[in-house]
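Some notes on the structure that comes next.
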Amino acid sequence: MSEHKPNYTQADMMTVVMARLLRDRERVFHGVASPIPMVAVQLAKRRQAPNLVYLSITGAVDGLPEAFPRETTTDGRLLRNTASLFSLTEIFDLSARGQLDTAFLGGVQIDQYGNLNLSVIGDFHKPKVRLPGGAGSAALLPTTKRAILWRTKHDPKVFVEKLSFRTAVGNVDKVITPLGIFSKEDGRLKLWRVFPYSSVEEITSLTGFPIEKSPDFAVAKAPTPEELAILQEIDPNNVRAVEF
Amino acid sequence: MSKLLSLAAAVGLIKDGDTVALGGNTIQRSPAAFAREMARRKKRNIELVKTAGAYDVDLLALAGCLSAVHAGYIGFENMGLAPNYRKAVEGGQTQAKEHACYTVIAGLRAAAYGIPFMPVAGFLGSELLEVRDFKLVKDPFTGQEVVAVQKLQPDWAVIHVHEADVEGNGRILGSQFEDALMTRAAKGVILTAERIVDKSQFQKHPESVAIPGFLVNAVVELPGGAAPGSCYPLYDANIEAIRSYLAMAPEALDDYLKEVR
(Lines give C-alpha, C1' and ligand atoms only; values in the text may rest on other atoms or scores of the structure.)
Protein backbone atom coordinates (compact mmCIF):
# COMPACT_ATOMS: atom_id res chain seq x y z
CA MET A 1 0.00 0.00 0.00
CA SER A 2 1.20 3.50 -0.75
CA GLU A 3 2.23 5.80 2.08
CA HIS A 4 -0.38 8.53 1.85
CA LYS A 5 -4.07 7.80 1.95
CA PRO A 6 -5.76 8.35 -1.41
CA ASN A 7 -8.73 10.74 -1.66
CA TYR A 8 -10.93 8.01 -3.12
CA THR A 9 -12.26 4.65 -1.95
CA GLN A 10 -11.86 1.18 -3.41
CA ALA A 11 -15.52 1.43 -4.48
CA ASP A 12 -14.72 4.68 -6.34
CA MET A 13 -11.77 3.03 -8.03
CA MET A 14 -13.78 -0.03 -9.12
CA THR A 15 -16.65 2.10 -10.40
CA VAL A 16 -14.34 4.41 -12.35
CA VAL A 17 -12.35 1.66 -14.07
CA MET A 18 -15.58 -0.19 -14.89
CA ALA A 19 -17.01 2.95 -16.48
CA ARG A 20 -13.82 3.51 -18.49
CA LEU A 21 -14.22 0.06 -20.08
CA LEU A 22 -17.59 0.99 -21.60
CA ARG A 23 -17.89 2.31 -25.15
CA ASP A 24 -20.26 4.68 -26.82
CA ARG A 25 -23.32 3.17 -28.52
CA GLU A 26 -22.82 -0.31 -27.10
CA ARG A 27 -25.69 -2.26 -25.51
CA VAL A 28 -24.99 -2.99 -21.88
CA PHE A 29 -26.90 -5.13 -19.37
CA HIS A 30 -26.67 -5.72 -15.63
CA GLY A 31 -28.85 -8.01 -13.55
CA VAL A 32 -29.76 -8.45 -9.89
CA ALA A 33 -27.45 -7.30 -7.07
CA SER A 34 -25.27 -5.10 -9.31
CA PRO A 35 -24.77 -1.74 -7.58
CA ILE A 36 -21.33 -0.94 -9.03
CA PRO A 37 -22.37 -1.63 -12.65
CA MET A 38 -25.55 0.41 -12.08
CA VAL A 39 -23.49 3.46 -11.09
CA ALA A 40 -20.64 2.84 -13.57
CA VAL A 41 -23.06 2.87 -16.52
CA GLN A 42 -24.29 6.34 -15.56
CA LEU A 43 -20.73 7.58 -15.11
CA ALA A 44 -19.80 6.26 -18.57
CA LYS A 45 -22.88 7.89 -20.09
CA ARG A 46 -21.80 11.21 -18.60
CA ARG A 47 -18.33 10.87 -20.09
CA GLN A 48 -17.23 8.85 -23.14
CA ALA A 49 -20.41 6.85 -23.81
CA PRO A 50 -23.44 9.20 -23.99
CA ASN A 51 -25.19 6.91 -26.50
CA LEU A 52 -24.61 3.67 -24.61
CA VAL A 53 -27.87 1.69 -24.43
CA TYR A 54 -28.49 0.67 -20.82
CA LEU A 55 -30.65 -2.42 -20.23
CA SER A 56 -31.72 -3.95 -16.91
CA ILE A 57 -34.17 -6.48 -15.45
CA THR A 58 -36.73 -3.71 -14.94
CA GLY A 59 -37.18 -3.60 -18.71
CA ALA A 60 -35.98 0.00 -18.74
CA VAL A 61 -34.24 1.17 -21.88
CA ASP A 62 -31.83 3.91 -20.85
CA GLY A 63 -33.31 4.45 -17.44
CA LEU A 64 -31.88 7.47 -15.66
CA PRO A 65 -32.50 6.95 -11.95
CA GLU A 66 -32.82 10.09 -9.88
CA ALA A 67 -31.46 8.23 -6.89
CA PHE A 68 -29.99 4.75 -6.98
CA PRO A 69 -31.80 2.12 -4.92
CA ARG A 70 -29.53 0.78 -2.18
CA GLU A 71 -30.75 -2.73 -1.59
CA THR A 72 -31.69 -3.91 -5.07
CA THR A 73 -30.94 -3.28 -8.74
CA THR A 74 -34.31 -4.43 -10.07
CA ASP A 75 -36.21 -1.49 -8.60
CA GLY A 76 -38.80 0.58 -10.47
CA ARG A 77 -36.68 3.68 -9.86
CA LEU A 78 -34.48 2.46 -12.72
CA LEU A 79 -37.47 3.00 -15.04
CA ARG A 80 -37.26 6.78 -14.75
CA ASN A 81 -36.76 8.45 -18.12
CA THR A 82 -37.34 5.26 -20.11
CA ALA A 83 -39.37 5.69 -23.30
CA SER A 84 -39.86 2.01 -24.08
CA LEU A 85 -39.66 -1.33 -22.34
CA PHE A 86 -37.41 -4.28 -23.23
CA SER A 87 -37.96 -7.21 -20.89
CA LEU A 88 -35.44 -9.60 -19.40
CA THR A 89 -36.69 -12.29 -21.80
CA GLU A 90 -35.94 -9.97 -24.70
CA ILE A 91 -32.49 -9.14 -23.30
CA PHE A 92 -31.62 -12.86 -23.17
CA ASP A 93 -32.93 -13.22 -26.72
CA LEU A 94 -30.84 -10.22 -27.81
CA SER A 95 -27.75 -11.85 -26.34
CA ALA A 96 -28.67 -15.24 -27.86
CA ARG A 97 -28.70 -13.72 -31.33
CA GLY A 98 -25.34 -12.06 -30.78
CA GLN A 99 -26.49 -8.47 -30.29
CA LEU A 100 -25.69 -7.82 -26.64
CA ASP A 101 -22.32 -6.09 -26.36
CA THR A 102 -21.55 -6.19 -22.66
CA ALA A 103 -23.00 -8.02 -19.67
CA PHE A 104 -21.91 -7.44 -16.08
CA LEU A 105 -21.78 -10.62 -14.03
CA GLY A 106 -20.39 -11.56 -10.65
CA GLY A 107 -19.00 -14.71 -9.11
CA VAL A 108 -18.74 -15.95 -5.55
CA GLN A 109 -15.76 -17.93 -6.84
CA ILE A 110 -13.78 -17.15 -10.00
CA ASP A 111 -11.01 -19.34 -11.40
CA GLN A 112 -8.00 -18.56 -13.61
CA TYR A 113 -10.05 -19.22 -16.76
CA GLY A 114 -12.68 -16.68 -15.74
CA ASN A 115 -15.23 -19.43 -15.05
CA LEU A 116 -17.51 -18.69 -12.17
CA ASN A 117 -19.47 -20.31 -9.37
CA LEU A 118 -22.67 -18.83 -8.02
CA SER A 119 -24.37 -22.12 -7.16
CA VAL A 120 -22.98 -24.02 -4.18
CA ILE A 121 -20.05 -24.59 -1.87
CA GLY A 122 -19.71 -28.35 -1.52
CA ASP A 123 -21.79 -30.96 -3.32
CA PHE A 124 -24.49 -29.64 -5.66
CA HIS A 125 -27.20 -31.92 -4.29
CA LYS A 126 -26.12 -31.75 -0.63
CA PRO A 127 -24.46 -28.35 -0.43
CA LYS A 128 -22.57 -27.00 2.54
CA VAL A 129 -23.67 -23.56 1.39
CA ARG A 130 -26.50 -22.98 -1.04
CA LEU A 131 -25.62 -19.80 -2.94
CA PRO A 132 -28.23 -17.67 -4.75
CA GLY A 133 -27.67 -19.32 -8.15
CA GLY A 134 -26.15 -18.07 -11.35
CA ALA A 135 -29.15 -15.95 -12.39
CA GLY A 136 -28.55 -15.24 -16.05
CA SER A 137 -24.89 -16.12 -16.20
CA ALA A 138 -24.95 -19.66 -17.68
CA ALA A 139 -27.02 -18.38 -20.59
CA LEU A 140 -25.44 -14.92 -20.96
CA LEU A 141 -21.74 -15.58 -20.45
CA PRO A 142 -21.42 -17.72 -23.62
CA THR A 143 -23.64 -15.47 -25.76
CA THR A 144 -22.83 -11.86 -24.85
CA LYS A 145 -20.01 -10.38 -26.94
CA ARG A 146 -18.13 -9.68 -23.74
CA ALA A 147 -18.66 -10.03 -20.03
CA ILE A 148 -17.12 -7.84 -17.37
CA LEU A 149 -17.01 -9.60 -14.00
CA TRP A 150 -16.59 -7.84 -10.71
CA ARG A 151 -16.17 -8.89 -7.09
CA THR A 152 -15.64 -6.55 -4.14
CA LYS A 153 -13.46 -9.02 -2.27
CA HIS A 154 -10.02 -10.08 -3.41
CA ASP A 155 -8.85 -13.11 -1.49
CA PRO A 156 -7.92 -16.75 -2.17
CA LYS A 157 -11.47 -17.88 -1.31
CA VAL A 158 -12.82 -15.85 -4.22
CA PHE A 159 -10.00 -16.24 -6.73
CA VAL A 160 -9.57 -19.98 -6.49
CA GLU A 161 -7.49 -22.67 -8.12
CA LYS A 162 -10.58 -24.88 -8.42
CA LEU A 163 -14.25 -23.94 -8.31
CA SER A 164 -16.63 -25.85 -6.03
CA PHE A 165 -19.03 -25.83 -8.97
CA ARG A 166 -18.82 -24.40 -12.48
CA THR A 167 -22.00 -22.39 -12.95
CA ALA A 168 -21.00 -20.54 -16.09
CA VAL A 169 -18.28 -20.37 -18.72
CA GLY A 170 -17.89 -17.94 -21.56
CA ASN A 171 -16.82 -14.64 -23.03
CA VAL A 172 -15.17 -13.05 -20.04
CA ASP A 173 -13.09 -10.05 -21.02
CA LYS A 174 -12.18 -8.34 -17.76
CA VAL A 175 -12.46 -9.12 -14.05
CA ILE A 176 -12.44 -6.12 -11.73
CA THR A 177 -11.45 -6.55 -8.09
CA PRO A 178 -10.76 -3.98 -5.36
CA LEU A 179 -7.04 -4.30 -6.10
CA GLY A 180 -6.78 -4.51 -9.86
CA ILE A 181 -8.10 -5.87 -13.14
CA PHE A 182 -7.56 -9.24 -14.78
CA SER A 183 -7.84 -9.55 -18.53
CA LYS A 184 -8.68 -12.87 -20.16
CA GLU A 185 -5.97 -13.46 -22.76
CA ASP A 186 -5.22 -16.77 -24.47
CA GLY A 187 -7.85 -18.43 -22.32
CA ARG A 188 -6.45 -17.32 -18.95
CA LEU A 189 -6.83 -14.42 -16.57
CA LYS A 190 -3.70 -12.27 -16.71
CA LEU A 191 -3.01 -9.35 -14.41
CA TRP A 192 -3.75 -6.32 -16.61
CA ARG A 193 -3.98 -3.43 -14.16
CA VAL A 194 -2.95 -2.94 -10.59
CA PHE A 195 -4.59 -0.10 -8.69
CA PRO A 196 -2.34 2.70 -7.44
CA TYR A 197 -2.74 1.71 -3.79
CA SER A 198 -2.00 -2.00 -4.37
CA SER A 199 0.88 -3.99 -5.83
CA VAL A 200 1.61 -7.11 -7.86
CA GLU A 201 2.93 -8.70 -4.65
CA GLU A 202 -0.27 -7.99 -2.74
CA ILE A 203 -2.43 -9.37 -5.54
CA THR A 204 -0.21 -12.44 -5.89
CA SER A 205 -0.48 -13.17 -2.18
CA LEU A 206 -4.27 -12.82 -2.20
CA THR A 207 -4.99 -14.88 -5.33
CA GLY A 208 -5.47 -18.65 -5.26
CA PHE A 209 -4.09 -19.20 -8.77
CA PRO A 210 -0.68 -18.24 -10.20
CA ILE A 211 -0.40 -14.64 -11.35
CA GLU A 212 0.91 -13.93 -14.81
CA LYS A 213 1.17 -10.36 -16.08
CA SER A 214 -0.52 -9.32 -19.30
CA PRO A 215 1.81 -7.88 -21.99
CA ASP A 216 -0.26 -4.68 -21.54
CA PHE A 217 0.20 -4.62 -17.77
CA ALA A 218 0.20 -1.15 -16.21
CA VAL A 219 -0.69 0.71 -13.06
CA ALA A 220 -4.26 1.99 -13.42
CA LYS A 221 -4.75 5.72 -13.48
CA ALA A 222 -6.30 6.92 -10.24
CA PRO A 223 -9.80 8.41 -10.51
CA THR A 224 -9.54 11.93 -11.88
CA PRO A 225 -11.09 14.91 -10.06
CA GLU A 226 -13.65 15.07 -12.88
CA GLU A 227 -14.62 11.40 -12.46
CA LEU A 228 -14.89 11.78 -8.70
CA ALA A 229 -16.99 14.92 -9.07
CA ILE A 230 -19.45 13.16 -11.38
CA LEU A 231 -19.60 10.18 -9.00
CA GLN A 232 -20.39 12.49 -6.12
CA GLU A 233 -23.07 14.19 -8.18
CA ILE A 234 -24.83 11.06 -9.50
CA ASP A 235 -24.34 8.86 -6.42
CA PRO A 236 -24.22 11.13 -3.35
CA ASN A 237 -25.48 8.29 -1.16
CA ASN A 238 -22.49 6.12 -2.07
CA VAL A 239 -24.60 3.19 -3.24
CA ARG A 240 -21.52 2.01 -5.17
CA ALA A 241 -20.00 1.00 -1.82
CA VAL A 242 -22.83 -1.19 -0.49
CA GLU A 243 -21.10 -4.44 -1.39
CA PHE A 244 -18.06 -3.60 0.75
CA MET B 1 -68.92 -13.55 -15.00
CA SER B 2 -67.29 -12.48 -11.78
CA LYS B 3 -64.18 -14.37 -10.72
CA LEU B 4 -63.69 -12.38 -7.53
CA LEU B 5 -62.68 -14.60 -4.64
CA SER B 6 -61.46 -14.07 -1.12
CA LEU B 7 -57.74 -14.58 -0.57
CA ALA B 8 -58.43 -17.76 1.40
CA ALA B 9 -60.67 -19.18 -1.33
CA ALA B 10 -58.12 -18.40 -4.04
CA VAL B 11 -55.32 -20.05 -2.08
CA GLY B 12 -57.68 -22.97 -1.60
CA LEU B 13 -57.53 -23.62 -5.36
CA ILE B 14 -53.92 -24.66 -4.96
CA LYS B 15 -53.51 -28.32 -4.01
CA ASP B 16 -50.62 -29.91 -2.20
CA GLY B 17 -48.09 -31.10 -4.77
CA ASP B 18 -48.96 -28.39 -7.31
CA THR B 19 -46.37 -26.47 -9.31
CA VAL B 20 -46.83 -22.73 -8.86
CA ALA B 21 -45.20 -19.90 -10.79
CA LEU B 22 -44.93 -16.62 -8.92
CA GLY B 23 -44.78 -13.33 -10.82
CA GLY B 24 -42.56 -10.35 -10.15
CA ASN B 25 -38.82 -10.32 -9.67
CA THR B 26 -36.82 -10.38 -6.40
CA ILE B 27 -38.59 -7.86 -4.12
CA GLN B 28 -40.53 -6.17 -6.93
CA ARG B 29 -44.26 -6.83 -7.37
CA SER B 30 -44.21 -10.37 -6.05
CA PRO B 31 -47.45 -11.92 -4.76
CA ALA B 32 -46.20 -11.65 -1.18
CA ALA B 33 -49.57 -11.59 0.62
CA PHE B 34 -50.65 -14.62 -1.40
CA ALA B 35 -47.47 -16.44 -0.37
CA ARG B 36 -48.18 -15.64 3.31
CA GLU B 37 -51.67 -17.11 2.96
CA MET B 38 -50.17 -20.25 1.36
CA ALA B 39 -47.93 -20.47 4.43
CA ARG B 40 -50.88 -20.02 6.80
CA ARG B 41 -52.82 -22.75 4.98
CA LYS B 42 -49.79 -25.04 5.31
CA LYS B 43 -49.53 -25.96 1.65
CA ARG B 44 -47.17 -28.89 1.21
CA ASN B 45 -44.88 -30.26 -1.53
CA ILE B 46 -45.26 -27.21 -3.71
CA GLU B 47 -42.79 -26.77 -6.57
CA LEU B 48 -42.19 -23.08 -7.18
CA VAL B 49 -41.23 -21.51 -10.49
CA LYS B 50 -39.63 -18.08 -10.51
CA THR B 51 -36.87 -16.38 -12.51
CA ALA B 52 -35.40 -14.46 -9.55
CA GLY B 53 -36.99 -14.67 -6.13
CA ALA B 54 -36.52 -13.34 -2.62
CA TYR B 55 -39.10 -12.84 0.18
CA ASP B 56 -41.91 -14.93 -1.34
CA VAL B 57 -39.69 -17.98 -1.93
CA ASP B 58 -37.82 -17.62 1.37
CA LEU B 59 -41.03 -17.35 3.41
CA LEU B 60 -42.58 -20.42 1.76
CA ALA B 61 -39.37 -22.35 2.38
CA LEU B 62 -39.46 -21.33 6.04
CA ALA B 63 -43.09 -22.46 6.29
CA GLY B 64 -42.15 -25.91 4.98
CA CYS B 65 -44.31 -25.56 1.87
CA LEU B 66 -41.69 -26.27 -0.78
CA SER B 67 -40.40 -29.54 -2.16
CA ALA B 68 -38.50 -27.82 -4.97
CA VAL B 69 -37.70 -24.43 -6.46
CA HIS B 70 -37.06 -23.89 -10.17
CA ALA B 71 -35.25 -20.56 -10.34
CA GLY B 72 -32.21 -18.73 -11.62
CA TYR B 73 -31.58 -16.74 -8.46
CA ILE B 74 -32.92 -16.79 -4.91
CA GLY B 75 -31.50 -14.10 -2.69
CA PHE B 76 -31.97 -10.64 -1.25
CA GLU B 77 -29.51 -8.94 -3.61
CA ASN B 78 -27.45 -6.34 -1.75
CA MET B 79 -29.02 -7.45 1.55
CA GLY B 80 -27.55 -10.95 1.36
CA LEU B 81 -28.51 -14.59 0.94
CA ALA B 82 -32.02 -15.96 1.47
CA PRO B 83 -31.52 -17.51 4.94
CA ASN B 84 -34.51 -19.80 5.15
CA TYR B 85 -34.35 -21.00 1.57
CA ARG B 86 -30.68 -21.77 2.21
CA LYS B 87 -31.50 -23.78 5.32
CA ALA B 88 -34.27 -25.70 3.57
CA VAL B 89 -31.97 -26.64 0.70
CA GLU B 90 -28.96 -27.41 2.89
CA GLY B 91 -31.17 -29.49 5.19
CA GLY B 92 -32.56 -31.47 2.25
CA GLN B 93 -36.24 -30.43 2.70
CA THR B 94 -36.28 -28.37 -0.51
CA GLN B 95 -34.58 -29.24 -3.76
CA ALA B 96 -32.85 -26.37 -5.57
CA LYS B 97 -33.67 -27.00 -9.22
CA GLU B 98 -31.26 -24.31 -10.34
CA HIS B 99 -31.74 -22.75 -13.73
CA ALA B 100 -30.33 -19.83 -15.58
CA CYS B 101 -33.22 -17.37 -15.63
CA TYR B 102 -33.30 -17.94 -19.39
CA THR B 103 -33.94 -21.68 -18.99
CA VAL B 104 -36.92 -20.94 -16.72
CA ILE B 105 -38.15 -18.73 -19.55
CA ALA B 106 -37.38 -21.45 -22.12
CA GLY B 107 -39.30 -24.06 -20.10
CA LEU B 108 -42.26 -21.70 -19.74
CA ARG B 109 -42.08 -20.88 -23.45
CA ALA B 110 -42.24 -24.58 -24.33
CA ALA B 111 -45.37 -24.89 -22.19
CA ALA B 112 -46.86 -21.74 -23.70
CA TYR B 113 -46.05 -22.85 -27.25
CA GLY B 114 -47.46 -26.33 -26.67
CA ILE B 115 -44.22 -28.14 -27.42
CA PRO B 116 -42.30 -30.66 -25.27
CA PHE B 117 -39.00 -28.77 -24.99
CA MET B 118 -37.24 -25.63 -26.06
CA PRO B 119 -33.71 -25.26 -27.39
CA VAL B 120 -31.78 -22.48 -25.71
CA ALA B 121 -28.65 -20.55 -26.64
CA GLY B 122 -25.61 -20.53 -24.38
CA PHE B 123 -25.21 -22.82 -21.39
CA LEU B 124 -22.39 -24.93 -22.80
CA GLY B 125 -19.62 -25.45 -20.28
CA SER B 126 -21.92 -25.03 -17.30
CA GLU B 127 -21.95 -27.94 -14.86
CA LEU B 128 -25.68 -27.30 -14.48
CA LEU B 129 -25.94 -29.43 -17.62
CA GLU B 130 -24.61 -32.40 -15.68
CA VAL B 131 -26.52 -32.03 -12.43
CA ARG B 132 -29.88 -30.87 -13.76
CA ASP B 133 -32.20 -32.38 -16.30
CA PHE B 134 -31.13 -30.27 -19.24
CA LYS B 135 -30.18 -32.26 -22.34
CA LEU B 136 -27.79 -31.79 -25.21
CA VAL B 137 -29.64 -32.56 -28.44
CA LYS B 138 -28.69 -32.41 -32.10
CA ASP B 139 -30.19 -29.78 -34.33
CA PRO B 140 -31.95 -32.04 -36.87
CA PHE B 141 -31.10 -29.61 -39.66
CA THR B 142 -27.41 -28.89 -39.09
CA GLY B 143 -26.36 -31.61 -36.68
CA GLN B 144 -25.01 -29.00 -34.26
CA GLU B 145 -25.47 -29.59 -30.54
CA VAL B 146 -27.87 -27.40 -28.63
CA VAL B 147 -29.17 -27.39 -25.06
CA ALA B 148 -32.80 -28.42 -24.63
CA VAL B 149 -35.00 -27.49 -21.70
CA GLN B 150 -38.08 -29.55 -20.92
CA LYS B 151 -41.38 -27.72 -20.84
CA LEU B 152 -42.16 -26.24 -17.47
CA GLN B 153 -45.91 -26.11 -17.13
CA PRO B 154 -47.07 -24.76 -13.78
CA ASP B 155 -50.45 -25.76 -12.45
CA TRP B 156 -50.87 -22.14 -11.42
CA ALA B 157 -49.42 -18.76 -12.21
CA VAL B 158 -49.99 -16.27 -9.41
CA ILE B 159 -49.48 -12.69 -10.52
CA HIS B 160 -49.85 -9.47 -8.55
CA VAL B 161 -51.19 -6.73 -10.84
CA HIS B 162 -52.00 -3.07 -10.40
CA GLU B 163 -55.52 -3.31 -11.77
CA ALA B 164 -57.91 -6.10 -12.61
CA ASP B 165 -61.57 -6.26 -13.48
CA VAL B 166 -63.87 -8.91 -12.04
CA GLU B 167 -63.53 -11.02 -15.18
CA GLY B 168 -59.78 -11.33 -14.71
CA ASN B 169 -58.41 -8.87 -17.23
CA GLY B 170 -55.23 -7.57 -15.62
CA ARG B 171 -53.05 -4.51 -16.15
CA ILE B 172 -49.46 -4.22 -14.96
CA LEU B 173 -47.78 -0.82 -14.85
CA GLY B 174 -44.01 -0.45 -15.31
CA SER B 175 -41.83 -3.55 -15.31
CA GLN B 176 -43.73 -6.52 -16.72
CA PHE B 177 -41.07 -9.13 -15.87
CA GLU B 178 -42.02 -12.61 -17.16
CA ASP B 179 -45.56 -12.44 -15.87
CA ALA B 180 -47.50 -12.52 -19.14
CA LEU B 181 -45.51 -15.57 -20.26
CA MET B 182 -46.34 -17.33 -16.96
CA THR B 183 -50.05 -16.79 -17.60
CA ARG B 184 -49.71 -18.43 -21.03
CA ALA B 185 -47.66 -21.35 -19.72
CA ALA B 186 -49.74 -22.25 -16.66
CA LYS B 187 -52.86 -24.38 -16.58
CA GLY B 188 -54.60 -21.87 -14.33
CA VAL B 189 -54.06 -18.24 -13.35
CA ILE B 190 -54.78 -16.37 -10.12
CA LEU B 191 -54.49 -12.59 -10.01
CA THR B 192 -54.14 -10.52 -6.89
CA ALA B 193 -54.81 -6.87 -7.66
CA GLU B 194 -54.10 -3.55 -5.99
CA ARG B 195 -57.56 -2.49 -7.09
CA ILE B 196 -60.56 -3.72 -9.01
CA VAL B 197 -61.60 -1.44 -11.83
CA ASP B 198 -64.52 -1.39 -14.20
CA LYS B 199 -63.95 -3.22 -17.47
CA SER B 200 -64.70 0.00 -19.36
CA GLN B 201 -61.36 1.36 -18.08
CA PHE B 202 -59.55 -1.40 -19.95
CA GLN B 203 -61.72 -1.13 -23.04
CA LYS B 204 -60.26 2.35 -23.62
CA HIS B 205 -56.71 0.95 -23.79
CA PRO B 206 -56.80 -2.82 -24.38
CA GLU B 207 -53.17 -2.66 -25.59
CA SER B 208 -52.13 -1.88 -22.00
CA VAL B 209 -53.80 -5.00 -20.60
CA ALA B 210 -51.21 -7.80 -20.63
CA ILE B 211 -53.43 -10.50 -19.16
CA PRO B 212 -56.75 -11.38 -20.83
CA GLY B 213 -59.46 -12.47 -18.45
CA PHE B 214 -60.33 -15.69 -20.27
CA LEU B 215 -57.04 -17.22 -19.05
CA VAL B 216 -57.75 -16.28 -15.44
CA ASN B 217 -59.55 -18.45 -12.88
CA ALA B 218 -59.66 -16.15 -9.88
CA VAL B 219 -59.18 -12.50 -8.96
CA VAL B 220 -58.47 -11.30 -5.42
CA GLU B 221 -58.67 -7.65 -4.45
CA LEU B 222 -55.55 -7.20 -2.37
CA PRO B 223 -54.25 -3.65 -1.90
CA GLY B 224 -50.66 -3.76 -0.68
CA GLY B 225 -50.42 -7.36 -1.84
CA ALA B 226 -46.77 -7.05 -2.88
CA ALA B 227 -45.60 -5.62 0.46
CA PRO B 228 -43.04 -5.70 1.96
CA GLY B 229 -41.83 -5.70 -1.63
CA SER B 230 -42.52 -2.85 -4.02
CA CYS B 231 -45.39 -2.24 -6.40
CA TYR B 232 -43.97 0.52 -8.55
CA PRO B 233 -45.13 3.26 -8.88
CA LEU B 234 -47.65 2.81 -6.04
CA TYR B 235 -45.23 1.94 -3.25
CA ASP B 236 -41.55 1.23 -2.70
CA ALA B 237 -40.20 -1.83 -0.97
CA ASN B 238 -40.37 -1.52 2.83
CA ILE B 239 -36.71 -2.26 3.51
CA GLU B 240 -37.11 -2.04 7.28
CA ALA B 241 -39.85 -4.69 7.18
CA ILE B 242 -37.72 -6.93 4.94
CA ARG B 243 -34.72 -6.58 7.23
CA SER B 244 -36.84 -7.38 10.26
CA TYR B 245 -38.19 -10.47 8.45
CA LEU B 246 -34.62 -11.52 7.67
CA ALA B 247 -33.64 -11.12 11.33
CA MET B 248 -36.63 -13.11 12.58
CA ALA B 249 -36.09 -16.39 14.43
CA PRO B 250 -37.74 -19.31 12.54
CA GLU B 251 -39.97 -20.08 15.56
CA ALA B 252 -41.53 -16.63 15.22
CA LEU B 253 -43.12 -17.46 11.87
CA ASP B 254 -46.61 -18.23 13.23
CA ASP B 255 -46.76 -14.93 15.08
CA TYR B 256 -45.40 -13.16 12.04
CA LEU B 257 -48.13 -14.65 9.85
CA LYS B 258 -50.78 -13.56 12.35
CA GLU B 259 -49.39 -10.07 12.56
CA VAL B 260 -48.60 -9.41 8.91
CA ARG B 261 -51.73 -9.89 6.80
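Some observations on this one:
- Rounded to the nearest 20 debye, dipole of the protein assembly as shown from Cβ charges on Lys, Arg, Asp, Glu: 520 debye
- In sequence order, calculated HN-Hα J values of the range B:103-111 (Karplus, 6.51, -1.76, 1.60; Hz; x Gly/Pro): 7, 4, 4, 4, x, 5, 4, 4, 5
- Spacing of the two label points (7 Å from each Cα toward its C-beta) at B:ALA252 and A:LYS157, in nm: 2.6 nm
- Helical content of chain B, expressed as a calculated mean residue ellipticity at 222 nm, amounts to -7500 deg cm²/dmol (DSSP H runs of 4 or more residues, -39,500 (n - 2.57) each, divided by residue number, nearest 500).
- Listed by chain and number, the lysines placed with their C-alpha closer than 21 angstrom to that of B:LYS138 are B:LYS151; residues fewer than eight positions away on the same chain are left out.
- Ranked by how many other beta carbons lie within 10 Å on average, peptides A:49-58, B:55-64 from highest: B:55-64, A:49-58
- Förster-model FRET efficiency, 30 Å R0, A:ARG97 and B:HIS205, C-beta, rounded to 0.05: 0.45
- Averaged over the residues of B:42-54, the number of partner chain Cβ atoms lying within 10 Å of the residue Cβ comes to 2.
- Taking amide hydrogens as placed 1.01 Å from N in the peptide plane, the amide H of B:LEU234 sits under 5 Å from that of no residue at least 5 positions away in sequence or on another chain.
- Counting only protein heavy atoms and a 1.4 Å probe, chain B has 39 square angstrom of accessible area per residue.
- Residue list for the range A:160-200, given a label point 7 angstrom along the Cα-to-Cβ vector of A:LYS128 and an amide N cut-off under 11 Å: A:164
- If both residues of a DSSP beta bridge must be in the protein assembly as shown, then about 35% of such bridges are antiparallel.
- Computed packing ranks the peptides B:130-137, A:91-98, A:223-230, B:26-33 as B:26-33, A:91-98, A:223-230, B:130-137, most packed first, by mean other Cβ atoms within 10 Å.
- An oblate overall shape is assigned to chain B, the ratio a/c of its alpha-carbon gyration tensor axes (a ≥ b ≥ c) being 1.5 or greater and a/b not exceeding b/c.
- In the range A:16-161, lysine pairs with alpha-carbon atoms under 22 angstrom apart (chain gap of 8 or more, or interchain): 4
- Inter-chain shielding of B:93-104 (mean C-beta neighbours from other protein chains, 10 Å cut-off): 6
- Distant-in-sequence amide H partners of A:GLY107 (H built 1.01 Å from N, under 5 Å): A:TRP150
- Among B:98-107, B:189-198, the order from most to least packed when residues are scored by Cβ within 10 Å on average: B:98-107, B:189-198
- Beta bridges per DSSP, both residues in chain A: antiparallel share near 45 percent.
- Take each residue in B:175-182, count the other chain C-beta atoms within 10 Å of its C-beta, and the mean is 4.
- Within a straight-line Cα-Cα reach of under 16 Å, B:LYS97 can be paired with the following aspartates and glutamates, leaving aside sequence neighbours fewer than 8 residues apart in one chain: A:ASP123, B:ASP18, B:GLU47, B:ASP58, B:GLU127, B:GLU130, B:ASP133.
The values are calculated or read from the model by the stated rules, or taken from the named source; none is laboratory data. Keep in mind that this is a model prediction, so the values were computed, not measured. So basically every Cβ, Gly included, is an ideal-geometry build from the backbone, and we count neighbours across all protein chains shown. Only protein heavy atoms, including side chains, enter the accessible area calculation; ligands, DNA and RNA are left aside. Shrake-Rupley method; radii C 1.70, N 1.55, O 1.52, S 1.80 Å.
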